[in-house]
Amino acid sequence: MAKILVADDDRVVLFTLVEGLREAGFEVVEASDGLQALALCLSESPDLALLDIRMPHLDGLELAHRLHHETSVPFLFLSAYSDETYVQRAVAIGALGYLTKPLNVTTIVPMIRTALARAQEINGLQGALESNRTIATAIGMLMQANGLDQPAAFEYLRRQARSERRKLEDLARNIITSGNNQ
């Protein structure tokens, strides 16, 4: 069950979204201002945050900026404002979507499910990219230390991982941290 944070200072909107999303099968945590939402994102690690643009203490755009830099919580915006400037700022911060109020929970559930899937895909790609960086760094170290070209260094790393029955990334990480160029 996905955990969703809903942050909105309008009590009616907050109640409606929270209850509707719970009925749709989501676990929901709620916040009525930006600072409370940030604290909940840090402590609860929701799978997705739905953020109102204008909230007290920390507006949605600043909150999204902080979430982007301080957490891995993906977010989309809820707003009564469809002003192009807000939309552009939301996209620049990394929002997965921008929904304009008034909202009907049954019509936004597909968007939420899509945003959750997209967030999972992005997290997987980031993990793969980090893994590739680790392996590439270890290959570079092997090339430099042993005078190998890239294919030979990769093959050496692959054979070593296989003979030690280790994941390629784990062996690469070990080479980097130990400075051991085998």
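Since every read-out is calculated from the coordinates, none of them should be taken as a lab result. The structure presented is a predicted model; accordingly, all values stated were derived computationally and were not measured. Note: ideal-geometry Cβ built from the backbone for every residue, glycine included; neighbour counts use all protein chains shown.
Would you mind calculating the gained length between residue 62 and residue 106 on full extension (0.36 nm times residue separation, minus the Cα-Cα distance), in nm to one decimal?
My answer for the length gained is 13.0 nm.
Just tell me the longest site-free run in the chain, where the sites are trypsin sites (Lys or Arg not before Pro) in a DSSP loop having at most 12 other beta-carbon atoms within 10 Å.
By the stated rule (loop sites, at most 12 other Cβ atoms within 10 Å), 1-164.
Can you list residues whose amide H is under 5 Å from residue 99's amide H, if they're 5+ apart or on another chain and H is modeled 1.01 Å from N?
77, 78, 79
At a Förster distance of 35 Å, what's the computed FRET efficiency of residue 131 paired with residue 99, Cβ-Cβ distance as r, to 0.05?
Working: r = 34 Å, r/R0 = 0.96.
The calculated FRET efficiency here is 0.55.
In nm², what is the average projected area of the convex hull enclosing the Cα atoms of the stretch 59-182?
Its average projected convex-hull area is 10.9 nm².
Translational D (Stokes-Einstein, µm²/s) of the stretch 3-103 at 20 °C and 1.002 mPa s when Rh comes from the Kirkwood sum over C-alpha pairs?
After rounding, the answer is 164 µm²/s.
Please give the net charge around residue 9, taking every other residue with its beta carbon less than 9 angstrom from that of residue 9, where Lys and Arg add +1 and Asp and Glu add -1. Display every interim value, and only then the final one.
Working: positive: 11, 54; negative: 8, 10, 33, 52.
Residues close to residue 9 contribute a combined charge of -2.
Considering Cα pairs under 8 angstrom that are at least six residues apart, work out the relative contact order of the chain and quote it in whole percent. Please report the intermediate quantities before stating the final value.
Values: 249 pairs, mean separation 26.7, N = 182.
Taking the mean separation of contacting Cα pairs over the length of the chain, I get 15 percent.
Using just the helices of the chain, give the 222 nm mean residue ellipticity in deg cm²/dmol: DSSP H runs with n ≥ 4 each add -39,500 (n - 2.57), and the total is spread over all residues, rounded to 500.
The per-residue figure over the chain is -20500 deg cm²/dmol.
If I build a Gaussian network model for the chain, linking alpha-carbon pairs within less than 10 angstrom, which residue out of 120, 150, 88 has the largest mean-square fluctuation?
Answer for the Gaussian network model of the chain: 150.
What does the charge add up to near residue 75, with Lys and Arg as +1, Asp and Glu as -1, over the other residues with Cβ less than 14 Å from its Cβ?
-3
Between 0 and 90 degrees, rounded to the nearest ten: what's the tilt of helix 150-164 against the longest Cα principal axis of the chain?
90 degrees
With r defined as the distance between the Cβ atoms of residue 54 and residue 170 and R0 fixed at 41 Å, what FRET efficiency is calculated, to the nearest 0.05?
The computed FRET efficiency comes out at 0.30.
Taking only C-alpha pairs under 8 Å that are 6+ residues apart, what is the relative contact order of the stretch 3-103 in percent?
Relative contact order of the stretch 3-103: 24 percent.
Would you mind telling me which residue in 171, 103, 35 has the biggest mean-square fluctuation in a Gaussian network model of the chain, where springs connect alpha carbons within a distance under 10 angstrom?
Ranking 171, 103, 35 by mean-square fluctuation puts 171 first.
Quote to one decimal, in nm, the extra length available between residue 117 and residue 69 on full extension: 0.36 nm per residue of separation minus the C-alpha distance between them.
15.2 nm
Can you give me the relative contact order of the stretch 129-178 as a percent, contacts being Cα pairs under 8 Å and 6 or more apart?
The normalised contact order for the stretch 129-178 reaches 47 percent.
According to a simple spin-label model (label point 7 Å from Cα along Cα-to-Cβ), what is the distance in nm between residue 83 and residue 45?
Those two pseudo-labels are separated by 3.7 nm.
In nm, to one decimal, how far is the modelled label at residue 162 from the one at residue 150, with both set 7 Å along Cα→Cβ?
Distance between the two pseudo-spin positions: 2.1 nm.
Quick one: which residues, 5+ away or cross-chain, put their amide H under 5 Å from the amide H of residue 58? H built at 1.01 Å from N.
Counting only residues 5 or more places away or on other chains, the set is 34, 35.
Could you pull out every residue, at least 5 positions away or on a different chain, whose amide H is within less than 5 Å of the one on residue 29? Hs are placed 1.01 Å off N in the peptide plane, and Pro or chain starts have none.
4, 5, 6
Give me the angle, in degrees from 0 to 90, between the Cα long axis of helix 60-70 and the longest principal axis of the Cα atoms of the chain, rounded to the nearest 10.
Roughly 20 degrees between the two axes.
Go ahead and set up a Gaussian network model of the chain, Cα springs under 10 Å, then flag whichever of 148, 38, 96 fluctuates most.
148
Report, in degrees rounded to the nearest 10, the 0 to 90 angle that the Cα long axis of helix 105-146 makes with the longest principal axis of the chain.
20 degrees
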